[in-house]
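The values are calculated or read from the model by the stated rules, or taken from the named source; none is laboratory data. Predicted model, so just to flag it, every value in this text is computed and none were measured. When we count neighbours, we look across all protein chains shown, and the Cβ atoms used for this are built from the backbone with ideal geometry, even at glycine. Surface accessibility is based on the protein's heavy atoms, side chains included, excluding ligands, DNA and RNA. Shrake-Rupley method; radii C 1.70, N 1.55, O 1.52, S 1.80 Å.
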Amino acid sequence: MAYTTPLFGTGYEMGAIPLTSSYLTRGAINSVAAYVKTGTYSLDTTSQGWPNHAWAKYAVPVETSSIYVSCHHYPTGVAFSSLGVVLDSGEVVELRKDVTTHTYDLYIDGSLIESGSIAVPDNQFQHIQAYFNIATSGGVTSKIDGVTDIEYSGDTQPGTGNIIEYVQQYQLASGSWVTSYWDDLSFGTGDWGEDIRFDGIVPNGDDAVQWTPSTGADNYALADERPPSTVDYVSTGSPGLEDLYDLADWSGTAKTPQFVMAWAYAKKDVAGDIQLQLFVDSNSSESSGSPLDLTTTDAYYSHLAATDPNGSIAWLDNAIDALKIGIRSV
């Protein structure tokens, strides 16, 4: 299984970027097929003229000083772009795509530490992986399209902090418009993720529903749009109510499932203590996340199911085909 402990993943297949404005600057969803690695959507980071650089930051949900990251990257080569981590003391450790040598080079807090040796073309997708170990005796290892490149051992802790707070995709500004595209981002701990890609599966039927539909009789039809729509929705004002939806089949040909990410787009209308619990149901066995505090602004919430809860085993194609997704008010 990729990653000993997977922590996060997205292929942007909800048709949107699952980040709030605090963690996203000049990022947009892309649906032009030439700039998509898998599925229908990717992330577009476009900038022009300093300080109009673009970036997306993804919070690491556990406290850790080491992490493995996997991402598909489409650089244009006008100005450098990078995949890296942001530490709790603010410094960045990153792999920068050099616009002249076309290598991914290691930078720590803005200083070049080691140049990569694998030159890869711009204007096409490349699979980038990195292992970041933040310590005074730490290290960074990179893989480019599956081939080991940088193997640096040494001080990777430029400041007082060694906790990785965010994984970051970054595009430097330039005098003209410059864009990078990103797809199939994931990160975890314990081992390499390798070439993880994401397929989107949406609800296609009601299994058992208790939430109130804003219109019509089919709850699932109010929660199946990509990109999301707030015109129709399901809602509840009481705790202890569930909606459980059937999902479309997954095409698993020539693929090995690694983990499942369940997503919901939600908010609360009034300031109160009601929470949302997101879960997946496999043959009546449940994998659920902790109850989630909602804001009064629409936002994405997720739950990662690392294994099939029906037996706590690795996911299989037929289990995903029969999978259901649920929402619960708490």
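For every residue, the table says whether it meets (1) surrounded by 19 or more Cβ atoms within 10 Å (Cβ to Cβ); (2) among the hydroxyl-bearing types (Ser, Thr, Tyr); (3) within 27 Å of residue 40 (Cβ to Cβ); (4) at pLDDT below 95.
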residue	(1), (2), (3), (4)
169	yes, no, yes, no
185	yes, no, yes, no
208	no, no, no, no
221	no, no, yes, no
230	no, yes, yes, yes
237	no, no, no, yes
245	yes, yes, yes, no
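Is it the case that residue 267 is surrounded by fewer than 16 Cβ atoms within 10 Å (Cβ to Cβ), basic (Lys, Arg) and closer than 27 Å to residue 232 by Cβ?
Considered against the rule, which asks whether it is surrounded by fewer than 16 Cβ atoms within 10 Å (Cβ to Cβ), basic (Lys, Arg) and closer than 27 Å to residue 232 by Cβ, residue 267 comes out as yes.
Quick one: would you say residue 62 is touching a residue at least 40 places away in the same chain (Cβ under 8 Å), over 23 Å from residue 164 (Cβ atoms), open to solvent by 60 Å² or more (accessible area, probe 1.4 Å) and not in a strand (DSSP E or B)?
No.
Kindly indicate whether any position in segment 141-157 is at negative phi, in contact (Cβ under 8 Å) with a residue 60 or more places away in the chain, assigned to a strand (DSSP E or B) and open to solvent by 10 Å² or more (accessible area, probe 1.4 Å).
No, every residue in segment 141-157 fails to be at negative phi, in contact (Cβ under 8 Å) with a residue 60 or more places away in the chain, assigned to a strand (DSSP E or B) and open to solvent by 10 Å² or more (accessible area, probe 1.4 Å).
So in segment 72-86, with the set limited to residues that are surrounded by 24 or more Cβ atoms within 10 Å (Cβ to Cβ) and of a type outside the set (Gly, Ala, Ser), which one is modelled with the lowest pLDDT?
By that ranking, first place goes to 75.
For segment 89-109, how many residues are under 20 Å from residue 163 (Cβ atoms) and either surrounded by fewer than 17 Cβ atoms within 10 Å (Cβ to Cβ) or among the aromatic types (Phe, Trp, Tyr) (or both)?
4
Tell me which residues, restricted to segment 207-258, are closer than 16 Å to residue 321 by Cβ and aromatic (Phe, Trp, Tyr).
245, 250 - these are the residues of segment 207-258 that are closer than 16 Å to residue 321 by Cβ and aromatic (Phe, Trp, Tyr).
Kindly provide the set of residues from segment 33-57 that are buried (at least 18 other Cβ atoms within 10 Å of the Cβ) and of a type in the set (Phe, Trp, Tyr), ordered by number.
Within segment 33-57, 35, 41, 55 meet the criteria.
Given (1) surrounded by fewer than 19 Cβ atoms within 10 Å (Cβ to Cβ); (2) β-branched (Val, Ile, Thr); (3) touching a residue at least 12 places away in the same chain (Cβ under 8 Å), identify the lone condition not met by residue 327.
The number of the failed condition is (1).
Within segment 278-289, work out how many residues are outside any strand (DSSP E or B) and either in contact with a helix residue (DSSP H, G or I) (Cβ under 6 Å, 6 or more places away or on another chain) or open to solvent by 60 Å² or more (accessible area, probe 1.4 Å) (or both).
Selection size over segment 278-289: 2.
Which of (1) open to solvent by 70 Å² or more (accessible area, probe 1.4 Å); (2) within 26 Å of residue 23 (Cα to Cα) does residue 133 not meet, given it meets every other one?
(1)
Could you figure out which of (1) in contact with a strand residue (DSSP E or B) (Cβ under 9 Å, 6 or more places away or on another chain); (2) free of Cβ contacts under 8 Å to residues at least 24 places away in the same chain; (3) more than 25 Å from residue 133 (Cα to Cα) isn't true of residue 96?
The number of the failed condition is (3).
So if I check each of 19, 43, 7, which one is at pLDDT 95 or above and not in a strand (DSSP E or B)?
19
For segment 22-40, what are the residues that are part of a strand (DSSP E or B), closer than 23 Å to residue 264 by Cβ and out of contact with any Asp or Glu (no Cβ under 9 Å at 6 or more places or on another chain)?
Hit for segment 22-40 is 24, nothing else.
Filter segment 290-304 for residues that are aliphatic (A, V, I, L, M) and without any contact (Cβ under 8 Å) to a residue 60 or more places away in the chain; which is surrounded by the most Cβ atoms within 10 Å (Cβ to Cβ)?
294
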